[in-house]
Amino acid sequence: MVISLCVALLTTVPLLWLVRETDAMPDPARRDLLMREETSRQTGGLLTLTAAEQKLDTRLHQLKEREMSAAPFPPAVHFFKVKTLIEKSPIFKLLQRMPKGAALHIHGSSVVGVEWLVKNVTHRPHCYICFT
């Protein structure tokens with residue numbers, strides 16, 4: 001019994017010495033870096049917003065948070081039951097006032113080549129393209 005206890009101590013103590021307590025704790029700086037990298041990979045994540053765009057973005061996020069915390073949360077309910085609720089939503093009203101395009105989301109395999117788009121479309125006024 002004493003010998004097995006000694007063997008256990010002799011093998012466990014050096015292992016414990018190798019594992020520092022701080023290695024088990026998440027590094028806040030590394031987490032922040034990962035969060036920034038993830039944010040930059042989102043649609044438009046590499047864009048620099050103007051002051052007016054930042055103000056609108058902040059307002060939109062506030063509206064989204066308020067709507068997501070409300071009950072019932074429209075995306076969680078059948079569309080026909082919440083259609084009027086969606087139409088009264090401040091976010092929906094804001095989006096209705098925003099300019100629209102012919103395609104708000106497309107897949108690369110279903111459009112002409114990027115070169116053609118850049119050459120023939122991007123110079124037009126009020127035409128915006130975001131590649132992610």
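The values are calculated or read from the model by the stated rules, or taken from the named source; none is laboratory data. Predicted model, so just to flag it, every value in this text is computed and none were measured. As a convention, Cβ positions derive from the backbone with ideal geometry for all residues, glycine included, and neighbour counts pool all protein chains shown.
Taking region 84-120 only, how many residues are of a type outside the set (S, T, N, Q) and closer than 18 Å to Leu63 by Cα? First the steps, then the outcome.
Within region 84-120, the first condition is being of a type outside the set (S, T, N, Q), and the residues that meet it are 85-88, 90-95, 97-108, 111-119.
From what is left, the residues that are closer than 18 Å to Leu63 by Cα are 85-88, 90-95, 97-98.
Total meeting the criteria: 12.
Of all residues in region 96-116, count the ones that are in a loop (DSSP other than H, G, I, E, B) and not small (Gly, Ala, Ser).
Here the count works out to 9.
For residues in region 17-57 being outside any helix (DSSP H, G or I) and polar (S, T, N, Q), which is modelled with the lowest pLDDT?
Checking each candidate, the answer is Thr43.
In region 58-95, how many residues are touching an Asp or Glu at 6+ places or on another chain (Cβ under 9 Å) and either more than 29 Å from Cys127 (Cα to Cα) or assigned to a helix (DSSP H, G or I) (or both)? Steps first, please.
So in region 58-95, the residues touching an Asp or Glu at 6+ places or on another chain (Cβ under 9 Å) come out as 73-74, 89-91, 93.
From what's left, either more than 29 Å from Cys127 (Cα to Cα) or assigned to a helix (DSSP H, G or I) (or both): 73-74, 90-91, 93.
So the answer is 5.
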Sole exception among (1) closer than 30 Å to Glu87 by Cα; (2) under 13 Å from the mean Cα position of the chain (by Cα); (3) of a type in the set (D, E, K, R) for Glu53, by number: (2)
